[in-house]
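Engineer: For reference, the structure I am asking about is given below.
The values are calculated or read from the model by the stated rules, or taken from the named source; none is laboratory data. Owing to the predicted nature of the structure, the values given are computational and were not obtained by experimental measurement. All Cβ positions, glycine included, derive from the backbone under ideal geometry; neighbour counts span all protein chains shown. For accessibility, only protein heavy atoms count, side chains too; no ligands or nucleic acids. Shrake-Rupley method; radii C 1.70, N 1.55, O 1.52, S 1.80 Å.
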Amino acid sequence: PEAMLRLERLHALKLWDHRLAALPEWLPGLASLTELDISANPLATLPDWLGRMQNLTSLDMSNLHGYELKEAPGWLAELRGLFYLNLSRHRLADLPGWLAGLQGMRMLSLLDNRFTTIPAVMADMSWLEKLYFQNNAIKVIPEEIAALPRLRDLRLGGNPIEEPPPEVVGKMESGQSV
(Lines give C-alpha, C1' and ligand atoms only; values in the text may rest on other atoms or scores of the structure.)
Protein backbone atom coordinates (compact mmCIF):
# COMPACT_ATOMS: atom_id res chain seq x y z
CA PRO A 1 0.00 0.00 0.00
CA GLU A 2 1.37 3.49 0.86
CA ALA A 3 4.71 1.88 1.75
CA MET A 4 5.11 1.10 -1.95
CA LEU A 5 5.82 4.80 -2.55
CA ARG A 6 9.18 4.29 -0.83
CA LEU A 7 10.24 2.12 -3.76
CA GLU A 8 11.73 5.11 -5.55
CA ARG A 9 13.76 2.99 -7.98
CA LEU A 10 10.98 0.61 -8.97
CA HIS A 11 10.91 0.41 -12.79
CA ALA A 12 8.60 -2.55 -13.41
CA LEU A 13 5.41 -3.54 -11.65
CA LYS A 14 3.60 -6.70 -12.71
CA LEU A 15 0.11 -6.79 -11.21
CA TRP A 16 -0.99 -9.51 -13.63
CA ASP A 17 -3.86 -11.70 -12.37
CA HIS A 18 -3.98 -10.34 -8.82
CA ARG A 19 -7.79 -10.20 -8.78
CA LEU A 20 -7.76 -6.43 -8.44
CA ALA A 21 -11.19 -4.79 -8.73
CA ALA A 22 -9.55 -1.34 -8.73
CA LEU A 23 -6.05 -0.02 -9.25
CA PRO A 24 -4.33 1.27 -6.13
CA GLU A 25 -4.52 5.06 -5.71
CA TRP A 26 -0.81 5.23 -4.84
CA LEU A 27 0.23 3.89 -8.26
CA PRO A 28 0.83 7.31 -9.94
CA GLY A 29 3.23 8.15 -7.11
CA LEU A 30 5.77 5.63 -8.44
CA ALA A 31 7.72 8.21 -10.44
CA SER A 32 10.38 5.78 -11.77
CA LEU A 33 7.88 3.24 -13.05
CA THR A 34 8.38 2.50 -16.75
CA GLU A 35 6.63 -0.90 -17.09
CA LEU A 36 3.13 -1.61 -15.82
CA ASP A 37 1.22 -4.85 -16.34
CA ILE A 38 -2.37 -4.75 -15.07
CA SER A 39 -3.62 -7.56 -17.31
CA ALA A 40 -5.99 -10.35 -16.30
CA ASN A 41 -7.62 -8.43 -13.45
CA PRO A 42 -11.37 -7.96 -12.94
CA LEU A 43 -11.10 -4.16 -12.95
CA ALA A 44 -14.36 -2.22 -12.77
CA THR A 45 -12.80 0.88 -14.33
CA LEU A 46 -9.56 2.33 -15.66
CA PRO A 47 -8.80 5.61 -13.89
CA ASP A 48 -7.85 8.67 -15.94
CA TRP A 49 -4.83 9.22 -13.70
CA LEU A 50 -3.07 6.45 -15.63
CA GLY A 51 -2.51 9.11 -18.30
CA ARG A 52 -0.38 11.09 -15.82
CA MET A 53 2.16 8.26 -15.54
CA GLN A 54 4.41 9.95 -18.10
CA ASN A 55 7.43 7.65 -17.63
CA LEU A 56 5.60 4.53 -18.79
CA THR A 57 7.19 2.87 -21.81
CA SER A 58 5.34 -0.45 -21.48
CA LEU A 59 1.67 -0.87 -20.61
CA ASP A 60 -0.22 -4.17 -20.68
CA MET A 61 -3.98 -3.76 -20.27
CA SER A 62 -4.99 -7.04 -21.89
CA ASN A 63 -7.70 -9.38 -20.73
CA LEU A 64 -9.35 -7.16 -18.11
CA HIS A 65 -12.11 -9.46 -16.87
CA GLY A 66 -15.37 -7.56 -16.62
CA TYR A 67 -13.98 -4.36 -18.17
CA GLU A 68 -13.78 -4.91 -21.89
CA LEU A 69 -12.75 -1.81 -23.78
CA LYS A 70 -14.93 -0.81 -26.73
CA GLU A 71 -12.60 2.09 -27.52
CA ALA A 72 -9.08 3.06 -26.54
CA PRO A 73 -9.11 5.31 -23.47
CA GLY A 74 -8.35 8.93 -24.36
CA TRP A 75 -5.76 9.28 -21.60
CA LEU A 76 -3.48 6.93 -23.56
CA ALA A 77 -2.73 9.92 -25.83
CA GLU A 78 -0.85 11.48 -22.90
CA LEU A 79 1.60 8.58 -22.66
CA ARG A 80 3.94 9.85 -25.38
CA GLY A 81 6.83 7.61 -24.31
CA LEU A 82 5.02 4.29 -24.78
CA PHE A 83 7.16 1.74 -26.58
CA TYR A 84 4.83 -1.23 -26.01
CA LEU A 85 1.03 -1.23 -25.66
CA ASN A 86 -1.12 -4.32 -25.24
CA LEU A 87 -4.87 -3.86 -25.71
CA SER A 88 -5.61 -7.52 -26.45
CA ARG A 89 -8.75 -9.42 -25.49
CA HIS A 90 -11.23 -6.56 -25.45
CA ARG A 91 -14.04 -5.51 -27.79
CA LEU A 92 -12.17 -2.96 -29.89
CA ALA A 93 -13.29 -2.60 -33.51
CA ASP A 94 -11.44 0.61 -34.44
CA LEU A 95 -8.66 2.88 -33.17
CA PRO A 96 -8.61 6.66 -32.79
CA GLY A 97 -6.45 8.91 -34.97
CA TRP A 98 -4.57 10.29 -31.96
CA LEU A 99 -2.82 6.94 -31.65
CA ALA A 100 -0.53 8.12 -34.46
CA GLY A 101 0.82 10.71 -32.01
CA LEU A 102 2.47 7.98 -29.95
CA GLN A 103 5.60 8.05 -32.07
CA GLY A 104 7.76 6.11 -29.62
CA MET A 105 5.59 3.03 -29.94
CA ARG A 106 7.31 0.07 -31.57
CA MET A 107 4.97 -2.77 -30.60
CA LEU A 108 1.17 -2.82 -30.55
CA SER A 109 -0.80 -5.92 -29.60
CA LEU A 110 -4.50 -6.04 -30.52
CA LEU A 111 -5.24 -9.74 -30.67
CA ASP A 112 -8.63 -11.20 -29.76
CA ASN A 113 -10.67 -8.06 -30.39
CA ARG A 114 -13.44 -7.29 -32.91
CA PHE A 115 -11.53 -5.74 -35.78
CA THR A 116 -12.95 -6.49 -39.21
CA THR A 117 -10.35 -4.30 -40.93
CA ILE A 118 -6.96 -2.99 -39.97
CA PRO A 119 -7.68 0.57 -38.80
CA ALA A 120 -6.67 3.42 -41.12
CA VAL A 121 -4.51 5.01 -38.39
CA MET A 122 -2.00 2.18 -38.86
CA ALA A 123 -0.89 3.77 -42.15
CA ASP A 124 0.32 6.80 -40.14
CA MET A 125 2.38 4.75 -37.69
CA SER A 126 5.57 4.35 -39.74
CA TRP A 127 7.67 3.67 -36.64
CA LEU A 128 5.86 0.43 -35.71
CA GLU A 129 8.05 -2.67 -35.78
CA LYS A 130 5.62 -5.25 -34.39
CA LEU A 131 1.87 -5.32 -34.92
CA TYR A 132 -0.29 -8.16 -33.63
CA PHE A 133 -3.87 -8.61 -34.87
CA GLN A 134 -4.39 -12.36 -34.33
CA ASN A 135 -7.88 -13.77 -33.80
CA ASN A 136 -9.99 -10.90 -35.06
CA ALA A 137 -12.31 -10.91 -38.10
CA ILE A 138 -9.99 -9.26 -40.63
CA LYS A 139 -10.58 -10.34 -44.23
CA VAL A 140 -8.45 -7.85 -46.15
CA ILE A 141 -4.95 -6.57 -45.47
CA PRO A 142 -4.72 -2.98 -46.70
CA GLU A 143 -1.83 -2.19 -49.04
CA GLU A 144 -0.77 0.65 -46.71
CA ILE A 145 0.51 -1.95 -44.25
CA ALA A 146 3.22 -2.90 -46.76
CA ALA A 147 4.38 0.74 -46.78
CA LEU A 148 5.28 0.72 -43.07
CA PRO A 149 9.09 0.93 -43.36
CA ARG A 150 10.01 -0.49 -39.94
CA LEU A 151 7.36 -3.20 -39.69
CA ARG A 152 9.16 -6.50 -39.16
CA ASP A 153 6.55 -8.63 -37.41
CA LEU A 154 2.89 -8.60 -38.50
CA ARG A 155 0.79 -11.33 -36.93
CA LEU A 156 -2.59 -12.06 -38.47
CA GLY A 157 -3.23 -15.70 -37.61
CA GLY A 158 -6.79 -16.68 -36.80
CA ASN A 159 -8.32 -14.12 -39.19
CA PRO A 160 -10.42 -15.07 -42.25
CA ILE A 161 -8.04 -13.28 -44.64
CA GLU A 162 -9.20 -13.73 -48.22
CA GLU A 163 -6.06 -12.76 -50.09
CA PRO A 164 -3.08 -10.71 -48.98
CA PRO A 165 -2.05 -7.93 -51.38
CA PRO A 166 1.12 -8.57 -53.42
CA GLU A 167 2.96 -5.86 -51.47
CA VAL A 168 2.46 -7.75 -48.22
CA VAL A 169 3.46 -11.06 -49.84
CA GLY A 170 6.63 -9.31 -51.05
CA LYS A 171 7.48 -8.32 -47.48
CA MET A 172 7.04 -11.94 -46.43
CA GLU A 173 9.44 -13.07 -49.14
CA SER A 174 12.04 -10.51 -48.04
CA GLY A 175 12.31 -12.13 -44.62
CA GLN A 176 9.80 -10.08 -42.67
CA SER A 177 7.31 -11.92 -40.55
CA VAL A 178 3.65 -11.73 -41.54
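Engineer: Is there a residue in the stretch 115-131 that is within 23 Å of Lys14 (Cα to Cα), touching a residue at least 24 places away in the same chain (Cβ under 8 Å) and among the hydroxyl-bearing types (Ser, Thr, Tyr)?
Structural biologist: no
Engineer: Go through the stretch 151-178 and report how many residues are at pLDDT 95 or above and of a type in the set (Asp, Glu).
Structural biologist: Number of matching residues: 1.
Engineer: What's the number of the condition His18 fails, among (1) more than 17 Å from Met125 (Cβ to Cβ); (2) under 17 Å from the mean Cα position of the chain (by Cα)?
Structural biologist: It is condition (2) that His18 fails.
Engineer: Answer with yes or no whether Leu13 is of a type in the set (A, V, I, L, M), closer than 22 Å to Pro73 by Cα and under 20 Å from the mean Cα position of the chain (by Cα).
Structural biologist: In short, yes.
Engineer: Also: Somewhere in the stretch 55-65, is a residue touching a helix residue (DSSP H, G or I) at 6+ places or on another chain (Cβ under 7 Å) and in a loop (DSSP other than H, G, I, E, B)?
Structural biologist: no
Engineer: Could I ask something else about it? Between residues in the stretch 69-95 that are within 21 Å of Ala40 (Cα to Cα) and of a type in the set (A, V, I, L, M, F, W, C) and residues that are assigned to a loop (DSSP other than H, G, I, E, B) and open to solvent by 70 Å² or more (accessible area, probe 1.4 Å), which pairs lie under 6 Å by C-beta distance while being six or more apart or on different chains?
Structural biologist: Ala93/Arg114
Engineer: For residues in the stretch 141-150 being out of contact with any Leu (no Cβ under 9 Å at 6 or more places or on another chain) and part of a loop (DSSP other than H, G, I, E, B), which is modelled with the lowest pLDDT?
Structural biologist: Here the residue is Pro142.
Engineer: Moving on. Inspect all residues belonging to the stretch 38-51 and state whether any of them is under 12 Å from the mean Cα position of the chain (by Cα) and either of a type outside the set (Asp, Glu) or farther than 13 Å from His90 by Cβ (or both).
Structural biologist: Yes, that holds for at least one residue.
Engineer: Conditions: (1) surrounded by 20 or more Cβ atoms within 10 Å (Cβ to Cβ); (2) in contact with a Gly (Cβ under 7 Å, 6 or more places away or on another chain). Phe83 meets all but one. Number of the miss?
Structural biologist: (1)
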